[in-house]
Amino acid sequence: GRPDPSVPPSGVSCTGCGAELQCRDGGAPGFLPAEKYRSLSEGPAGPAGLWGAVCQRCWLLAHHGRALRLRLPPEQHREVVRAALRRPLRHGRGPLLLYILDLLELPDPVLPQLLGLLGPDVPAAGLLVVGNKVDLLPADSPGHLGRLRQQLATACTQAGLRRPLLVDVRLVSAKTGFGLEGLISRLQRSWKCAGDVFLLGATNSGKSTLFNSLLYSDYCKSRAPDVVDRATVSPWPGTTLNLLKFPIINPTCDRIFRRQERLKGEAAKTEDELSSEERKYLSQLKKQGYFVGEVGRTIQHQKPSAVFDFDPDMLSYSIDEDPRHSSKKNEEREEFTYNEVKDARWCFDTPGIVKENCVLNLLTEKEVKLVLPTHAIVPRTFILKPGMVLFLAALGRVDYLQGEKPAWFSVVASNLLPVHISTLSNADALYEKYGGQEFLKVPMGGEERMKEFPPLVPQDITLKGIGTTEAVADIKLSSAGWVAVTAHAEEKLLLRAYTPKGTGLVVREPPLLPYISTIRGARIPGTAAYRTKKPPSLVENLKTTGKR
């Protein structure tokens with residue numbers, strides 16, 4: 001579709017990303033093609049005809065996994081967040097900040113910048129740090145969730161975040177629901193409905209997924225899902241461009257009691273006692289993550305059924321790809337009443353803070369979808385001798401230069417990214433020959449793509465082993481994944497790791513999953529690889545029956 005610079009902005013927000021709908025600039029947030037924009041805004045309903053529509057970018061993200069590159073510098077993302085946090089105090093106190101952190105990204109590059117982002121003039125009442133995507137990581141030992149939580153708390157301390165500002169740290173999966181009921185109970189018990197809540201975090205940390213999950217939970221007013229549209233969720237960094245919000249429910253004693261009764265009843269059920277539909281949904285979640293939980297709603301809003309007359313002339317970009325209704329129907333769009341929101345406390349989703357020196361910034365949308373894991377990560381372990389090389393796609397490389405004995409290298413990355421083993425003498429030729437090809441997969445696009453892709457740059461690393469079952473460190477290859485290194489006790493290793501120029505390489509000590517090399521099958525004869533092994537999934541809030 002074409003833009004029309006003569007048409008003024010609408011004043012109506014996209015229900016997917018919060019940007020103001022407009023048809024003036026195809027490279028700016030909120031764009032709708034001029035023809036579509038006019039068909040919606042120039043009807044009998046006027047600008048109200050745009051209510052419920054989403055911009056072209058959100059529609060393409062939701063339905064085709066495509067992302068339009070927008071001319072929106074990282075500083076503009078930050079400024080939207082700063083402006084929101086510097087609003088005048090509402091209800092006599094500052095907001096509670098929920099910082100969403102991708103556990104796979106520890107140490108989180110944005111966490112140390114958080115105090116600077118807030119500044120002295122942001123009257124935050126508290127900060128709760130939420131470690132997301134715990135479902136993607138396998139349990140490498142008993143008590144591993146407690147260890148992850150402690151590592152998250154340590155990262156907060158190192159970033160200068162301490163009490164009384166830091167209220168708590170939690171582990172959740174916004175996608176599978178694990179830990180979310182506990183998070184909601186924590187918020188309702190300690191924060192109640194005292195003020196607004198802001199979801200903060202780096203791009204692709206899962207903020208919008210958490211926003212959508214909370215929208216259909218006991219944390220949100222029961223009628224709100226009929227009025228508030230869901231945020232657009234996609235693996236493309238920086239999806240949310242403005243502020244989306246829903247009203248927080250007041251956790252009265254009666255509501256808390258009824259919620260506790262619901263949770264007790266659900267915890268007393270076994271998987272066999274679930275309905276066939278619930279078991280099917282649970283089975284799908286188990287395939288996606290190691291840790292699963294269901295987010296329920298205690299009080300359901302009863303909505304009368306309606307019959308719609310579709311008008312093919314009123315089609316628009318809609319998240320659900322439903323035809324737009326007539327102007328009469330637009331006038332009947334559900335809205336909050338004045339009494340429902342006059343004293344409301346709101347939960348806001350904010351734009352993701354763009355991570356600098358991140359490999360995702362170099363990739364196309366197809367490549368990003370391959371790199372970012374969406375299902376439970378199955379670790380891949382290899383035993384290497386000095387003089388051997390491990391490639392993670394064409395995005396990272398680890399050379400084992402010196403050592404007396406073989407060592408174990410466990411790759412924790414998207415299951416779609418290939419891992420290849422080579423020798424030092426053949427490694428450069430392998431990269432030159434297969435970079436941009438299917439063999440290394442990412443980047444993709446052949447010689448032309450590799451000409452514009454930054455070269456791999458090295459960093460030497462010295463490690464000392466602590467035992468054959470416990471990794472000494474993780475070599476984190478920007479956001480592409482990491483390699484956990486396990487070596488014999490006191491064994492000194494000289495390694496050389498590579499990432500694309502301009503991206504970060506971090507040696508993480510202690511490792512996030514120190515016993516990850518034990519999650520493996522038998523050695524594959526004639527190779528450096530072990531057979532993979534996928535641990536079973538754990539379902540939260542269900543009574544166990546002794547069966548796995």
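The values are calculated or read from the model by the stated rules, or taken from the named source; none is laboratory data. Only a predicted model underlies this, so the values are computations on that prediction, with no experimental measurement involved. Reconstructed Cβ throughout: ideal geometry from the backbone, glycine too, with neighbour counts over all protein chains shown. Just so you know, the surface numbers come from the protein's heavy atoms only, side chains and all, with ligands and any DNA or RNA stripped out. Shrake-Rupley method; radii C 1.70, N 1.55, O 1.52, S 1.80 Å.
Pairing residues of segment 514-532 that are under 20 Å from G467 (Cα atoms) and touching a residue at least 40 places away in the same chain (Cβ under 8 Å) with residues that are surrounded by fewer than 14 Cβ atoms within 10 Å (Cβ to Cβ) and among the aliphatic types (A, V, I, L, M), at Cβ distances under 7 Å and at least 6 apart in sequence or on separate chains, gives Y530/A522; Y530/I524.
Quick check on segment 240-259: of everything there that is surrounded by fewer than 24 Cβ atoms within 10 Å (Cβ to Cβ) and over 22 Å from R189 (Cβ atoms), which residue is modelled with the highest pLDDT? Ranking the qualifying residues of segment 240-259, first place goes to K245.
Can you find a residue that is on the phi > 0 side of the Ramachandran plot, open to solvent by 10 Å² or more (accessible area, probe 1.4 Å) and more than 33 Å from the chain's Cα centre (by Cα) anywhere in segment 412-428? Spell out how you get there, then give the answer.
The first filter runs over segment 412-428 and keeps only residues on the phi > 0 side of the Ramachandran plot, leaving none.
Checked against the condition, which is being on the phi > 0 side of the Ramachandran plot, open to solvent by 10 Å² or more (accessible area, probe 1.4 Å) and more than 33 Å from the chain's Cα centre (by Cα), segment 412-428 yields no hits at all.
Residues in segment 352-409 that are of a type in the set (S, T, Y) and within 22 Å of the chain's Cα centre (by Cα): T364, T374.
The test for being surrounded by fewer than 23 Cβ atoms within 10 Å (Cβ to Cβ), closer than 22 Å to R82 by Cα and of a type in the set (A, V, I, L, M, F, W, C) does not hold for A202.
Of the helices (runs of 4 or more DSSP H) entirely within segment 365-470, those holding at least 1 residues that are of a type in the set (A, V, I, L, M) and closer than 24 Å to N132 by Cβ occupy 365-371.
Considering each residue of segment 471-486, count those that are part of a loop (DSSP other than H, G, I, E, B) and of a type in the set (A, V, I, L, M, F, W, C), and give that number.
Filtering segment 471-486 down to residues part of a loop (DSSP other than H, G, I, E, B) leaves 478-481.
Checking which are of a type in the set (A, V, I, L, M, F, W, C) leaves us with 480.
Total meeting the criteria: 1.
Can you name the residue in segment 343-357 that is of a type in the set (A, V, I, L, M, F, W, C) and touching a helix residue (DSSP H, G or I) at 6+ places or on another chain (Cβ under 9 Å) and, of all such residues, is nearest to V419 (Cα to Cα)? I'd like the intermediate steps shown before the answer.
Within segment 343-357, the subset of a type in the set (A, V, I, L, M, F, W, C) is 344, 346-348, 353-354.
Still in the running and touching a helix residue (DSSP H, G or I) at 6+ places or on another chain (Cβ under 9 Å): 347-348, 353-354.
On the way: C347: 41, F348: 40, I353: 30, V354: 28 Å.
It comes out as V354.
Elements of the type helices (runs of 4 or more DSSP H) sitting completely within segment 54-141 and holding at least 2 residues that are touching a Ser or Thr at 6+ places or on another chain (Cβ under 9 Å) and at pLDDT below 85: these cover 56-64, 74-85. State whether one or more residues within segment 519-529 are out of contact with any helix residue (DSSP H, G or I) (no Cβ under 8 Å at 6 or more places or on another chain), on the phi > 0 side of the Ramachandran plot and outside any helix (DSSP H, G or I). Yes, there is a match, as at least one residue in segment 519-529 is out of contact with any helix residue (DSSP H, G or I) (no Cβ under 8 Å at 6 or more places or on another chain), on the phi > 0 side of the Ramachandran plot and outside any helix (DSSP H, G or I).
Here V507 clears all of (1) closer than 21 Å to G403 by Cα; (2) surrounded by 14 or more Cβ atoms within 10 Å (Cβ to Cβ); (3) in contact (Cβ under 8 Å) with a residue 60 or more places away in the chain; (4) in contact with a Lys or Arg (Cβ under 9 Å, 6 or more places away or on another chain) except the condition numbered (3). Among the conditions (1) in contact (Cβ under 8 Å) with a residue 60 or more places away in the chain; (2) buried (at least 18 other Cβ atoms within 10 Å of the Cβ), the only one that A194 does not satisfy is (2). When segment 458-504 is filtered for residues that are within 17 Å of E356 (Cα to Cα) and open to solvent by less than 70 Å² (accessible area, probe 1.4 Å), the ones remaining, listed by number, are K476, L477, S478, S479, A480, G481, T499, P500, G502, T503, G504.
Of all residues in segment 143-171, those that are in a helix (DSSP H, G or I) and more than 21 Å from Q113 (Cβ to Cβ) total 7. Within segment 416-437, residues that are farther than 15 Å from R496 by Cβ have Cβ atoms under 7 Å from residues that are open to solvent by 20 Å² or more (accessible area, probe 1.4 Å) and assigned to a helix (DSSP H, G or I) in these pairs: L416/L370; L417/L370; G435/M450; G436/E447; G436/R449; G436/M450, counting only partners at least 6 apart in sequence or on another chain.
Being within 26 Å of the chain's Cα centre (by Cα) and either at pLDDT below 90 or of a type in the set (V, I, T) (or both) is the requirement here; does E266 meet it? So E266 does not fit the description; no.
Whether any residue in segment 291-302 is open to solvent by 60 Å² or more (accessible area, probe 1.4 Å), in a loop (DSSP other than H, G, I, E, B) and without any contact (Cβ under 8 Å) to a residue 12 or more places away in the chain is what I want to check.
Step one: of segment 291-302, the residues open to solvent by 60 Å² or more (accessible area, probe 1.4 Å) are 294, 300-302.
So of that shortlist, the ones also in a loop (DSSP other than H, G, I, E, B) come out as 294, 300-302.
In the following step, the residues that additionally are without any contact (Cβ under 8 Å) to a residue 12 or more places away in the chain were identified as 302.
Yes, some residue in segment 291-302 is open to solvent by 60 Å² or more (accessible area, probe 1.4 Å), in a loop (DSSP other than H, G, I, E, B) and without any contact (Cβ under 8 Å) to a residue 12 or more places away in the chain.
Can you spot a residue in segment 17-30 that is among the charged types (D, E, K, R), farther than 20 Å from F246 by Cα and within 29 Å of the chain's Cα centre (by Cα)? Checking segment 17-30: at least one residue is among the charged types (D, E, K, R), farther than 20 Å from F246 by Cα and within 29 Å of the chain's Cα centre (by Cα). Among the residues of segment 441-472, those identified as of a type in the set (G, A, S) and on the phi < 0 side of the Ramachandran plot are G465, A471.
One line per residue, one yes/no per condition, for (1) over 19 Å from G293 (Cβ atoms); (2) within 12 Å of the chain's Cα centre (by Cα); (3) among the β-branched types (V, I, T); (4) in the same structural domain as L243 (by the TED database):
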{"residue": "A194", "(1), (2), (3), (4)": "yes, no, no, yes"}
{"residue": "G206", "(1), (2), (3), (4)": "no, yes, no, yes"}
{"residue": "L214", "(1), (2), (3), (4)": "no, no, no, yes"}
{"residue": "K221", "(1), (2), (3), (4)": "yes, no, no, yes"}
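Please identify the pairs in which a residue from segment 158-172 that is within 14 Å of I100 (Cβ to Cβ) has its Cβ atom under 6 Å from the Cβ atom of a residue that is assigned to a loop (DSSP other than H, G, I, E, B) and not basic (K, R), counting only partners at least 6 apart or on another chain. If the second residue must be assigned to a loop (DSSP other than H, G, I, E, B) and not basic (K, R), the pairs left are L171/G179; V172/G179. When each of L384, L395, L363, L372 is tested for being over 28 Å from K287 (Cα atoms) and at pLDDT 85 or above, the lone residue that passes is L384.
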